[in-house]
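I have placed the structure first, in the form of structure tokens, so that the comments after it can refer back to it.
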Ligand SMILES: [Cu+2]
């Protein structure tokens, strides 16, 4: 099983010890193979739906998607295959809004030592001539947090979300709700 998530393992330093480390290690062992498979299926689905991208100015919003939620969940997460800045000047995603949630937060997941931490950021930096990945199951990356969902996000649904970029301006995109794989839908916990 472990050989399927070498990438995740490499995040940890050799010889680390301590209770927290052991707890995290256990959690990662059970989670990573499923995450890797989930990511693979997302990739398959994204490949099939290649026409799903949007442009504003120099920015391409490539394949926005959300993971289905259950009734009790008040938050959901939106991901992208890429946010691509083809321009020669940097841009930033500064906010987003959608009719399906009270508020949209910009979140970043990052390994700090051995612990995965999530924090809200004021903007997603989009350097000139770059692709920024905001994918599900990424161990270091951004996503959009839908806070105060008005109804559960159901597989197969889609909903509008308006992104505001500092330079490129606003663009409303359609978010596809899709299940990466049976059993992996609840990985994004807050
Ligand atoms: Cu989040």
Exercise. Pick out the one residue from 81, 108, 119 that is at pLDDT below 95 and in contact with a helix residue (DSSP H, G or I) (Cβ under 7 Å, 6 or more places away or on another chain).
Key: 81
Quiz item: How many residues, within region 158-183, are assigned to a loop (DSSP other than H, G, I, E, B) and modelled with pLDDT of 95 or more?
Solution: 3
Quiz item: Hey, does region 141-162 have a residue that's under 25 Å from residue 90 (Cα atoms), surrounded by 12 or more Cβ atoms within 10 Å (Cβ to Cβ) and more than 14 Å from the chain's Cα centre (by Cα)?
Solution: yes
Quiz item: Here is a list of conditions, (1) surrounded by fewer than 16 Cβ atoms within 10 Å (Cβ to Cβ); (2) modelled with pLDDT under 95; (3) within 22 Å of residue 67 (Cβ to Cβ), and residue 113 meets all of them except one; can you say which number that is?
Solution: (3)
Quiz item: Any idea how many residues of region 99-136 are more than 15 Å from the ligand (Cβ to nearest atom) and not in a strand (DSSP E or B)?
Solution: 8
Quiz item: Before we move on, is residue 153 closer than 23 Å to residue 74 by Cα, modelled with pLDDT of 90 or more and assigned to a loop (DSSP other than H, G, I, E, B)?
Solution: yes
Quiz prompt | Matching residues in region 66-92 - criterion: being closer than 18 Å to residue 52 by Cβ, within 15 Å of the ligand (Cβ to nearest atom) and assigned to a strand (DSSP E or B) | solution = 66, 77, 78, 79, 80
Self-check item: Residues satisfying the stated conditions in region 51-78, i.e. buried (at least 17 other Cβ atoms within 10 Å of the Cβ) and at pLDDT below 90
Solution: 52
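The values are calculated or read from the model by the stated rules, or taken from the named source; none is laboratory data. Fair warning: this is a prediction, and the values are worked out from it, not measured in the lab. Neighbour counts run over all protein chains shown; Cβ positions are idealised from the backbone, glycine included.
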